[in-house]
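The values are calculated or read from the model by the stated rules, or taken from the named source; none is laboratory data. Computed from a prediction, not measured in an experiment: that's the story for all the values here. Heads up, the Cβs are rebuilt from the backbone with ideal geometry, glycines too, and the neighbour counts pull from every protein chain shown.
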Amino acid sequence: MEQNKAPIWDKLKKYQKKEHIWLHVPAHCGGAGLPPPLQGEFAAWARYDLTELPGLDDLAEPGGIIARAQMLAARAFGAAETFFLVNGASAGVRAMIRAVCNPGDIILIGRNAHRSHLEALAFTGAEPRYLPVAEAGGMPLNVTAEAVRDGLRRFPQAKAVFITSPSYYGVAADLAAIAELTREARALLLVDEAHGAHFAFSQDLPEPAGPYCDLRVQSWHKTLGALTPGAVLHCHGERIDRKRLRRAVQEVQTSSPSYPLLATLDAVRREMALRGAKTTAEMLRMAAGLRRVLRDFLPLFERREARQSGFDLDETRITVLAARAGICGLALGRHLSEQGIEVELYNPHHLLAIVSPGYKVEWTGQLAGILAGMPFSEMAQTFDRPLPPPPPPVCLPREVYFRPAKPVKLEEAVGDVAAEAVVCSPPGIPLLLPGERITAEIAEYLIAARQYGVVFQGIDSLGRINVCQ
Ligand SMILES: Cc1ncc(COP(=O)(O)O)c(C=O)c1O
């Protein structure tokens, strides 16, 4: 019954009604001081934008409502301790690595890791060894247990293994098998579960990472309906130095946390604890309906295909395998956008649609009507270059971080060392990571892909890449 409570939200609701003489930050004084265009509806919302006033606790040293809310979140998610993150799962990824890695420690990292891990490598001086991401017919899957076994055999001294599960596409790794391997190797298991916070609430979704990992982050704004960028970090088991973890979390967070954001984390936890099973069942039902409609037009990545390769799939993530139908994903995404349908991401090969708790079932019918009128024959796929293999690493992310860099045209960058990650935007598997040598194959691929219309983070509008000097 304690999950009925939402200590931050309940307190804030009462507090914002009280008038007080405002001689503290934030400067908008509950909305009155917002500039005129922001008055009205927005100013009403700003009444919740409070600070560490008496009774409102302190995220950096919680002992009141925030401590209680975090404890309720820990219980709801089976964690030993939970931290609310007001700087997104990005902050959680940084904190996990800072909390466990020392200079020179080896950490095995799936190559599909979010770029936020790079800052933590630069800070700690830990040495990454990247694990390959399996794929099937051009569809990126995830890191296999075999790849982890191989990594741990080659680097038995590894301090930790960092896995992103599920992937952006909802493909979940076999964490049970990976956890067994990391336990045997006495390595810690860190999981970026940014896209999988809802897994705990349904047997029809992949298993959550909680029972297997030491630390995991979840992006509640991505799947549970918290305000952007609300996220959490869960600590499991006894292998983590909690003092160091708390310090790491504090270091990556602002000292002025947003109370509206904290309140949504608290309210979302209550909602999921009380009605999460119903919400996820509904999401899955709506996703199944959307899948049925889409399948009439286009091939989709299916759960059975994921399982054949030793993975699982969150079916609320719907990947259209455009290339498999000879269709260009970029053209399809653009056509859909022109018709008012905005998907999560599209690239030459796929398009990813996400069904969230806020999805409206009537959208499925509208989408069916729009797809029926789509000129698929005008969207032929003509980009068929396979991804080049990852290039050889030359120096560590920490060394690169402190070295001067300069922009160089891709055509002239072969042989240089990348100073930053180059990732298809929206995020995919990085083609280059800081410290890797730019091969001719990679440069040619990037030039061709850009000509085709693919946008990359890490390459500017003039086609230049930052390289180490
Ligand atoms: C796998 C993964 N981890 C972490 C992040 C960062 O999450 P946030 O936006 O909450 O900082 C993202 C963002 O896209 C992501 O895809």
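Within the range 316-355, track down each residue that is in a loop (DSSP other than H, G, I, E, B) and either within 17 Å of Y169 (Cβ to Cβ) or among the β-branched types (V, I, T) (or both). Please lay out each step first, then the result.
So the first thing to find is which residues in the range 316-355 are in a loop (DSSP other than H, G, I, E, B), and the list is 316, 321-322, 326, 328, 339-344, 347-350, 355.
Answer for the range 316-355, where residues must be in a loop (DSSP other than H, G, I, E, B) and either within 17 Å of Y169 (Cβ to Cβ) or among the β-branched types (V, I, T) (or both): T316, L321, A322, I341, V343, E344, N347, P348, H349, H350, V355.
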Of the residues L227, L233, L215, L245, only one is touching a Pro at 6+ places or on another chain (Cβ under 7 Å), assigned by TED's automatic domain parsing to the domain that holds A99 and either under 22 Å from A172 (Cα atoms) or not aromatic (F, W, Y) (or both); which?
L227
With touching a helix residue (DSSP H, G or I) at 6+ places or on another chain (Cβ under 9 Å), away from the ligand (no atom under 16 Å from the Cβ) and either closer than 25 Å to A113 by Cα or among the β-branched types (V, I, T) (or both) as the only criterion, which of P407, P388, P375 stands out?
P388
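Out of V414, V423, V400, I need the residue that is within 16 Å of the ligand (Cβ to nearest atom) and either part of a helix (DSSP H, G or I) or not assigned by TED's automatic domain parsing to the domain that holds I109 (or both). Which one?
Numbers: V414 fails: within 16 Å of the ligand (Cβ to nearest atom); V400 fails: within 16 Å of the ligand (Cβ to nearest atom).
Result: V423 is the single residue among V414, V423, V400 that is within 16 Å of the ligand (Cβ to nearest atom) and either part of a helix (DSSP H, G or I) or not assigned by TED's automatic domain parsing to the domain that holds I109 (or both).
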Members of the range 438-463 found to be touching a residue at least 12 places away in the same chain (Cβ under 8 Å) and in a loop (DSSP other than H, G, I, E, B), listed by number:
I438, T439, G453, V454, V455, G458, D460, L462, G463
Scanning the range 362-390 residue by residue, those surrounded by 16 or more Cβ atoms within 10 Å (Cβ to Cβ), outside the structural domain of I341 (by TED's automatic domain parsing) and more than 18 Å from L321 (Cα to Cα) turn out to be P388, P390
Quick test for you: out of E193, E184, E251, pick the one residue that is among the charged types (D, E, K, R) and in contact with a Gly (Cβ under 9 Å, 6 or more places away or on another chain).
E193
Going by what's in this entry, would R47 be described as among the basic types (K, R) and either within 28 Å of I240 (Cβ to Cβ) or in contact with a His (Cβ under 7 Å, 6 or more places away or on another chain) (or both)?
no
Which of the residues spanning the range 56-79 are in a loop (DSSP other than H, G, I, E, B) and either under 23 Å from the mean Cα position of the chain (by Cα) or modelled with pLDDT under 95 (or both)?
L59, F77, G78, A79
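Listed here are the residues, each with its yes/no results for (1) surrounded by 20 or more Cβ atoms within 10 Å (Cβ to Cβ); (2) within 23 Å of P392 (Cβ to Cβ); (3) of a type in the set (A, V, I, L, M, F, W, C); (4) touching a residue at least 60 places away in the same chain (Cβ under 8 Å).
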{"site": "R115", "(1), (2), (3), (4)": "no, yes, no, yes"}
{"site": "Y168", "(1), (2), (3), (4)": "yes, no, no, yes"}
{"site": "A179", "(1), (2), (3), (4)": "yes, no, yes, no"}
{"site": "H195", "(1), (2), (3), (4)": "yes, no, no, yes"}
{"site": "A200", "(1), (2), (3), (4)": "yes, no, yes, yes"}
{"site": "D204", "(1), (2), (3), (4)": "no, no, no, yes"}
{"site": "A209", "(1), (2), (3), (4)": "yes, no, yes, no"}
{"site": "C213", "(1), (2), (3), (4)": "yes, no, yes, no"}
{"site": "Q218", "(1), (2), (3), (4)": "yes, no, no, yes"}
From the list G210, G289, exactly one residue is of a type in the set (G, A, S) and within 19 Å of the chain's Cα centre (by Cα). Which is it?
G210
Can you pull out every residue in the range 116-128 that is within 11 Å of the ligand (Cβ to nearest atom) and small (G, A, S)?
S116
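Residues of the range 80-115 being part of a strand (DSSP E or B), under 19 Å from I66 (Cα atoms) and within 15 Å of the ligand (Cβ to nearest atom), which ones? Don't jump to the end; show me each part of the working.
In the first step, residues of the range 80-115 are kept if they are part of a strand (DSSP E or B); the result is 81-85, 106-110.
Filter once more, so that each one left must be under 19 Å from I66 (Cα atoms): 81-85.
Selection gives F83, F84, L85.
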Search the range 138-156 for residues being hydrophobic (A, V, I, L, M, F, W, C) and not in a helix (DSSP H, G or I), and hand back the single one that is farthest from V423 (Cα to Cα).
F155
